[in-house]
Each structure stands twice: as structure tokens, then as C-alpha cells.
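Only one structure is covered here, and it is reproduced in the block below.
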Amino acid sequence: MKTHVWVQVVIRIDEHYQDLLVGLLILSGFTGFVQEEKSLQCIIPKQKWNTACKIKFESALAKFKTEFPSCDLSYSSVIVQEENWNKKWESQTGIVEATPHIIIKPSWKTVPKRHYKKLVLHIDPKMSFGTGHHETTRLSLSLIERFLEPQMNVLDFGTGTGVLGIACIKLGATSVFAVDNDTWAIENTKENVKRNGVQKRMIVRHGSVSGIPRRNFDLIVANIDFRTIARFISTLTARVRKQGIIIFSGILTTDLPVLLKVFAKNALVPIELVNENEWTSVALRRM
Ligand code: SAH
């Protein structure tokens with residue numbers, strides 16, 4: 001029997017950052033990833049682990065460290081003989097069952113039969129957040145499923161990979177305006193928009209609140225941190241029509257009491273709260 005030889009590179013990196021790094025490493029030639037809480041295992045056939053590949057790998061790590069200086073990471077590599085990595089990858093990475101009806105699929109995966117009837121979001125991450133591995137993305141999707149109505153015009157603030165905006169279009173929205181202040185995310189979103197064939201209905205722009213057109217959106221989705229929510233809440237509220245809905249995610253449950261007061265000041269009434277682990281997402285109606 002032919003023995004396959006692989007190189008397994010183990011990167012010690014917190015789970016929170018792993019999705020972002022995976023996108024870069026795919027570009028370096030790695031084909032398999034196993035994510036654990038404190039480490040990311042990356043697998044590559046030994047014959048591909050040559051000098052050029054190692055240089056690409058090192059530059060990917062260097063780029064990542066520049067983008068995220070607070071992220072601690074180090075790595076080691078070992079040669080591994082004959083193991084059924086494919087099975088391991090399939091069980092641990094790749095397709096995310098984001099909600100009972102929606103799956104998120106990277107291009108290196110095929111949709112298993114059991115998911116045939118589900119809505120498929122084709123998302124390849126690069127350096128951007130939004131692969132569905134994070135609770136806040138999944139929670140946002142579940143609220144979108146609940147509140148998105150056909151023909152809505154949607155604002156996706158902090159689009160990341162474009163995942164939420166793409167989901168809105170696929171669920172029947174007429175248009176999505178997606179914005180992110182990270183150039184890498186914008187590039188990535190544009191690719192994912194094409195990958196999903198929604199480019200006619202989804203506009204993608206680099207920028208922040210000042211770049212949002214002055215119109216009355218029916219729905220705003222923002223999976224963004226507490227500080228950014230608090231900072232931009234009045235501007236965002238002014239961009240949603242009366243009786244329209246804002247979905248905020250990225251909220252640590254411990255921050256919720258403070259935010260609820262901020263929502264009340266802005267005449268936003270919570271109509272649904274969902275949570276997973278330490279994260280909460282909320283849907284609010286503008287009065
Ligand atoms: N919507 C995706 C990504 C959420 S991560 C998802 O649900 O998975 C949050 C995103 O908001 C990041 O891509 C980040 O670059 C972007 N972001 C953070 N602050 C921002 C700001 N002030 N203006 C625009 N985008 C911002």
C-alpha cells in the first residue's frame with residue numbers, strides 16, 4: 001500500500017483568530033485544517049512543503065501579525081505518516097450548519113446529500129470574519145431568517161465576508177448595501193458576492209457610517225462589537241425606517257444591560273433576543 005507522507009504544522013493561536021488565518025494559509029498551499037480551542041493544525045503533502053511554500057507561509061504569518069498585533073502565535077511542524085486526514089478535516093472544518101435551514105460552504109467542499117434542501121451560502125474566507133464558525137454570525141443568521149421579508153432593502157454594516165448580506169438576498173431581499181472599513185473584507189466580500197451570483201442586488205463599499213446612503217432601510221444587520229454599536233447607534237437608527245428592524249450581534253451577554261438602556265434612548269424596542277455561549281444577538285424595532 002502506498003504510504004502518504006504529510007507535514008502537519010501546528011499553530012498555537014486562539015480560536016477567535018483562527019478563521020482569519022485559515023484564509024491566508026489556503027493561499028499558501030495548505031489544503032486541510034483542524035481547529036481546536038488553542039491551536040490550528042494545518043496539513044500539507046510533504047512534497048509541497050518546499051522552500052517557496054515555506055516562504056509563503058512565513059509571509060502569511062507576518063502579514064497576520066501586522067494586522068493583529070495583539071494575537072499571540074507560534075508554530076511547530078512534524079512529519080506525519082499515513083493518516084486519514086480527509087475524514088478528520090471533513091468532521092471538523094468546512095461546512096457549517098449555521099441554522100437548521102442554512103449552511104455555509106467553502107469552495108473546497110461539496111454539499112453532502114443530507115443538506116440538499118438547505119440554503120447554501122458559498123463563502124471562502126480570506127482575512128475576513130464571517131465563516132459561520134463564530135456564534136455571532138450564526139445568531140445573526142437566525143434572526144435574519146426570522147425577520148427578513150421579501151422585497152426588503154437591507155444595510156449590512158460590517159459585512160466581513162459578506163455572509164449576512166448574501167443570506168439576505170438569497171432569502172428574498174430586493175437589495176443589500178454592504179459596507180466595511182477593512183479593504184481586505186471588501187475584496188473578499190466582492191468575490192463571495194460573485195461566487196453566490198448576487199452581484200446585481202448587492203452593492204459593496206469600503207467605508208464606515210459616513211458612506212451609507214441616506215435612505216430608509218427596512219432592515220439593518222450589524223454584527224459588530226459593543227463599542228462600535230454604542231458609537232454609531234444614533235446614525236444607524238436614522239437609516240432605518242419607522243417600524244423597520246435592526247439586528248445587532250457581537251454583544252457579550254454581560255454588556256447587554258448597558259446596551260438595552262442605549263437602545264431605549266434611541267426608541268429601539270427589543271423584539272427578540274437569542275444567545276449562544278457568552279454571545280447575545282438582538283432584533284430591535286424602531287418606533
Ligand atoms: N458580518 C460578518 C462580519 C462581522 S465582523 C459576520 O456576521 O460574520 C465585523 C466586521 O465589521 C469586520 O469585518 C470589521 O472590519 C467591520 N467593522 C468594524 N468596525 C467598522 C466600522 N466602524 N465601519 C465599518 N465596518 C467596520
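Annotations
- Residue with peak Gaussian network fluctuation, the chain [Cα springs, cutoff 10 Å], from Gln47, Gln18, Gln243: Gln47
- For the stretch 210-287, the Kirkwood estimate of hydrodynamic radius, built from reciprocal distances between every pair of different alpha carbons, is 12.4 Å.
- Among the GluC sites (Glu not before Pro) within the stretch 252-287, those in coil by DSSP and having at most 14 neighbouring Cβ atoms inside 10 Å are Glu278.
- Take the Cα of Glu37, step 7 Å toward its Cβ, do the same at Thr254, and the gap between the two points is 1.7 nm.
- Residues of the stretch 210-225 with amide N under 11 Å of the 7 Å Cα→Cβ point at Arg241: 216-219
- Heavy atoms of Ser70 accessible to a 1.4 Å probe, total area in Å² rounded to 10: 100
- The stretch 217-287 and the stretch 156-202 have Cα centres spaced 20 Å apart.
- Cross-link reach is defined here as a Cα-Cα straight distance under 17 Å, omitting same-chain residues fewer than 8 places apart; for Lys265 the aspartates and glutamates meeting it are Asp255.
- Overall form of the stretch 116-247 per C-alpha gyration tensor (a/c, 1.5; a/b vs b/c): rounded
- Rounded percent of accessible protein surface that carbon and sulfur make up, the chain, 1.4 Å probe: 52
- Per-residue [θ]222 nm for the chain (sum of -39500 (n - 2.57) over DSSP H runs n ≥ 4, rounded to 500): -10000 deg cm²/dmol
- Sites Trp108 and Gln199 - FRET efficiency at Förster radius 25 Å, r taken between beta-carbons, to 0.05: 0.70
- Computed lengthening from Arg215 to Thr183, 0.36 nm per intervening residue step minus Cα-Cα distance: 9.1 nm
The values are calculated or read from the model by the stated rules, or taken from the named source; none is laboratory data. Since the structure is predicted, the reported quantities are computational estimates derived from the model, not experimental observations. Cβ atoms come from the backbone with ideal geometry, glycine included; neighbour counts cover every protein chain shown. Quick note on the areas: whole protein, heavy atoms, side chains included, nothing else; ligands and nucleic acids left out. Shrake-Rupley method; radii C 1.70, N 1.55, O 1.52, S 1.80 Å.
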